[in-house]
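Below: one structure, written as structure tokens.
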Number of protein chains: 2
Amino acid sequence: MFAQLRPKPAEFHVFDTTLRDGSQQEGLNLSVADKLTIAGLLDELGVGFVEGGWPGANPNDTAFFAAMADGAHALRSATLVAFGFTRRVGMRAADDPLTAALRDSRAPVACIVAKSHDRHVEQALRTTLRENLDMIADTVSHLRAEGQRVFVDCEHFFDGYRENPAYALEAVRTAAEAGAEVVVLCDTNGGMLPPWVGEIVTEAAATGVQLGIHAHNDTGCAVANTLAAVDAGAMHVQGTVNGYGERTGNAELISVVANLELKYGWPLLPAGSLQEASRIAHAIAEVTNVPSSARQPYVGLSSFAHKAGLHASAIKVDPNLYQHIDPAVVGNDMRMLVSDMAGRANIQMKGEELGFDLSDRELASRITGRVKDAEAAGYTYEAADASFELLLRRELDQLPEYFAVHSWRVFTQGHPRPGAEGETDTECTVRLTAKGQSQRVVGEGNGPVNALDHAVRNALLPAYPVVGRFELIDYRVRILDQGHGTDATVRVLIQTTDGRRAWTTVGVGQNIIEASWEALSDAYLYGLIHAESPAPAAEPAIQERVAV
Amino acid sequence: MFAQLRPKPAEFHVFDTTLRDGSQQEGLNLSVADKLTIAGLLDELGVGFVEGGWPGANPNDTAFFAAMADGAHALRSATLVAFGFTRRVGMRAADDPLTAALRDSRAPVACIVAKSHDRHVEQALRTTLRENLDMIADTVSHLRAEGQRVFVDCEHFFDGYRENPAYALEAVRTAAEAGAEVVVLCDTNGGMLPPWVGEIVTEAAATGVQLGIHAHNDTGCAVANTLAAVDAGAMHVQGTVNGYGERTGNAELISVVANLELKYGWPLLPAGSLQEASRIAHAIAEVTNVPSSARQPYVGLSSFAHKAGLHASAIKVDPNLYQHIDPAVVGNDMRMLVSDMAGRANIQMKGEELGFDLSDRELASRITGRVKDAEAAGYTYEAADASFELLLRRELDQLPEYFAVHSWRVFTQGHPRPGAEGETDTECTVRLTAKGQSQRVVGEGNGPVNALDHAVRNALLPAYPVVGRFELIDYRVRILDQGHGTDATVRVLIQTTDGRRAWTTVGVGQNIIEASWEALSDAYLYGLIHAESPAPAAEPAIQERVAV
């Protein structure tokens, strides 16, 4: 009854370019540390290839490849790819320092972009059509000789094919003949529609070259264009998580993969990985600090949410009547918007995980209500397990009082000097009681939270020397209720380590200092509670590292 | 060379359901006034049909139709549509009050939803397949007899066709034979892919019935599915502006229409209307208060923004090398982003955009160096045009001194109370000179930045009453160098408006208060520089409204 979808080809590449093309997005700027974190998350997702950036051209990217090469961040299953260009006009590839940077990146694969649109060769590259083909052949064969696998991105392929199909195909053939393993057809300007992509990829596939697809979303069809190319024979799909990318973004890779896994029935990711897709998409959004779209296919917060009404009663009969897939398959949840976001069952399971018995139905319901209220106020416990445990302990009356804070004060002053940077001082005082001893301590730091951290640490040290081992390793701020300017609600996540494990606490308030203080004092409290217990083996660091 | 796209059918419907299906989106709640405003905007856009809501079922919707019927809000060219259901099981349509409400709405068209999926008839409607067909026939013929044009939405048509194609087609035929002008095939759960839609619509079109398409975006293919249905014979497309809707949303109507107008070459909207698309999409987002996606096809703030330095130099040669359409056609603009990936060409174009002559090569290189240094330190100018202009003015010695700040202080204190929320106070003082007058002013607020904002405003008011119109509308914080805890560098973006336009400034520092102060004082400085200049027509407010 349905159009026969193509059977899975023997070899198929899921190629992620979040770190390269995704970072072309307006407002998205990744540090080396951000890139390392995202590379690890992509590896967890199980993509085949992670394109990390353009070594030699961007200092951050060069540093990223150096960090990857030192082994501490080795990818479990993904293959690292370095991006570059064909050699410069009129220079041998062997003499081009940017070509050498590809080899020096020590990435096993080089993905180089080549022109395949005649007008781009003549007007942007300002060289001859012949020289462009020589550049492709020379660069590919040089990189191959240096020991790298090579993929070639044919930039503006579809637009080029429209104007000069023979030349566009010649670029494809040249790359393949020089040793490119895959030639990726790029809809660089994003203006294609699926029937056009299908037709052109079919023509290109007649060359016998292994083809890939790289689509942008300018017509709102990036995912469909990618699938159309796959239907026409492509065996390699490029995309970015959360659809990041220049202009309207790239093909959203999780949507592409979920469609291929769930609609085509192709196993592409390692078993169980697709169930991590929602968590990983949100974790990457935390790193990029680009707010996630609640409507994002498969992984969006709203993607399986139903407004109350007609659907609700029918959903009780059979949820599959109202959802196209089981949301658990992509790690998402059906939500009824009138009912609990966090269900009782979830809370019970989470409590058990932390070692608390919540089997009492009434207790579990009361705690679920507390979580719901707190989440409505802006708290999030997905990332802040430590704060969730403190909430549980409070409800269960199992919260020891290690210290009592009476007051805290933060004072910041600036002396701007015209035409030069001024000076800023921050000082704070904390008054608290620990083990019956009252302490009034002053702290300073390069910012208010840093100063508070120093003060509270100094105040606790006499009673609890263990806090000397505590270290704040991550501090994140998110403005909720955007559009309210500085009146908005602020959420702060603080991650702390004692050298053996790390934990995350959350604070919320209209005042950023107040929210930070809440997260900070909870961080110390949690750390003290667990100071004597052994570090649990079953708590992988990465789970705590990423604020979801 | 391209697949022949279908020629435009003689009759073609652009049917908007923003006010009905769009309002199923999580967090989107429209008042009657909101609905009236949006209906007017949709009419300006030139859609053929505006589905306004479900009279008789939602009080707001009933009131909306009453307001539309009184004539004051008459649509210029669009036809108003009332949504409803087939009559209740076991009742005559003539006796069903919800059917009567459709007539009473005085909308010229009724669009009623009917079941066409056998399992939904039996399990959700809990009636027989026969009775469901009778309900369709009875309701359609009754409404026709009462004088309304009738469209029928076949709910879950595609899923139903998969399980029982004969019954799904029987529902289509029954509706048409009873007098439905168009039968709309709905992918209610959104799980379809374009080849499936194409195949099923082709089968349904063999009935000879005029068909429509209603797609959701659960596979990321709503726009492509809509086009696939059109290719297979549909003459009616349903969608919502900005893609609002339940779960992942509906097909984004402007993308669908722009694709049909610009890629298929079909004139659908009144001449000149498509050029209003960006403005109208953003205006509707203002009413719904759902933040616009900067990456939205055609109308997004970033949709024609370029970051790559390589692109920039080629864009100077021919902008069409790097864009799939002329952005002016949809009322959008090409924008060059200033970023560390940018070279001198970008900076020169950006300067020109802002009205500064940077053609001097040495000057442009010096400024490019300054931008690169600042970006390396954590600044970003992509989102902060105002700060970029201040940087330019500083380099060009064109920065007037409206005020000189001597010092500022912020004081925050908390009094935690055990087991309860404590109190937090923030107070600040600012000392500055404006127009020769020294001012020392105190401000308070619910947070340190809010307090600083109040203080600086009060200090400037005597000299510059215009600052009374300035309002902070967005405040974003990004922690750079994650992993350094509270020692990390902080970047703050502040967006300010004077009611006519909005501008964004950036501040960076290790101290969040210091970074906020920098962005804040620059916001006031920029606002004062531009206070007397007219709001530029070529700078639509919306372009500046979105930070990041």
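The values are calculated or read from the model by the stated rules, or taken from the named source; none is laboratory data. Computed from a predicted model, the values in this text were never measured in an experiment. Don't worry about glycine lacking a Cβ; one is built from the backbone with ideal geometry, like all the others, and counts go over all protein chains shown.
Overview of results
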{"read-out": "Considering residues of the stretch B:163-185 that are within 13 Å of chain A (Cβ to nearest Cβ) and not in a loop (DSSP other than H, G, I, E, B) only, the residue surrounded by the most Cβ atoms within 10 Å (Cβ to Cβ)", "value": "B:Ala168"}
{"read-out": "So B:Glu261, is it of a type in the set (D, E, K, R) and at pLDDT below 95", "value": "no"}
{"read-out": "Among residues of the stretch A:186-211, those that are in contact with a strand residue (DSSP E or B) (Cβ under 6 Å, 6 or more places away or on another chain) and within 10 Å of chain B (Cβ to nearest Cβ), counted", "value": "3"}
{"read-out": "Residue check for A:Gly160: within 10 Å of chain B (Cβ to nearest Cβ), buried (at least 19 other Cβ atoms within 10 Å of the Cβ) and not in a strand (DSSP E or B)", "value": "no"}
{"read-out": "Strands (runs of 3 or more DSSP E) lying entirely in the stretch B:373-478 (those with 3 or more residues that are facing chain A (nearest Cβ under 9 Å))", "value": "B:403-417, B:420-434"}
{"read-out": "Neighbours by Cβ (under 7 Å, 6+ apart or cross-chain): first from the stretch B:505-522, within 7 Å of chain A (Cβ to nearest Cβ) and farther than 11 Å from A:Gly414 by Cβ; second of a type in the set (Gly, Ala, Ser) and not in a helix (DSSP H, G or I)", "value": "B:Gln510/A:Gly447; B:Ile512/A:Gly447"}
{"read-out": "Residue count, the stretch A:1-39 (criterion: more than 13 Å from chain B (Cβ to nearest Cβ), within 23 Å of A:Leu102 (Cβ to Cβ) and small (Gly, Ala, Ser))", "value": "1"}
{"read-out": "Some residue of the stretch B:267-287 being more than 17 Å from B:Glu44 (Cα to Cα) and outside the structural domain of B:Glu382 (by TED's automatic domain parsing)", "value": "no"}
{"read-out": "Pairs where the first residue, in the stretch B:212-234, is facing chain A (nearest Cβ under 9 Å) and at positive phi and the second is buried (at least 24 other Cβ atoms within 10 Å of the Cβ) and among the charged types (D, E, K, R), C-beta under 8 Å, 6+ apart", "value": "B:Gly220/A:Glu252"}
{"read-out": "Flag for B:Ala285 being more than 23 Å from A:Asn189 (Cβ to Cβ), out of contact with any Cys (no Cβ under 8 Å at 6 or more places or on another chain) and more than 8 Å from chain A (Cβ to nearest Cβ)", "value": "yes"}
{"read-out": "Residue match in the stretch B:253-273 (condition: within 27 Å of A:Pro327 (Cβ to Cβ), touching a helix residue (DSSP H, G or I) at 6+ places or on another chain (Cβ under 7 Å) and away from chain A (no Cβ under 12 Å))", "value": "no"}
{"read-out": "Total residues in the stretch B:319-337, condition within 8 Å of another protein chain (Cβ to nearest Cβ) and either without any contact (Cβ under 8 Å) to a residue 12 or more places away in the chain or outside any loop (DSSP other than H, G, I, E, B) (or both)", "value": "3"}
{"read-out": "Long-range neighbours under 8 Å by Cβ, at least six apart or interchain, first residue exposed (fewer than 14 other Cβ atoms within 10 Å of the Cβ) within the stretch A:55-79, second not β-branched (Val, Ile, Thr) and not in a loop (DSSP other than H, G, I, E, B)", "value": "A:Ala74/A:Met68; A:Arg76/A:Asp43; A:Arg76/A:Glu44; A:Ser77/A:Asp43"}
{"read-out": "Single residue of B:Lys316, B:Lys350 found to be within 12 Å of chain A (Cβ to nearest Cβ), assigned to a helix (DSSP H, G or I) and either buried (at least 21 other Cβ atoms within 10 Å of the Cβ) or basic (Lys, Arg) (or both)", "value": "B:Lys316"}
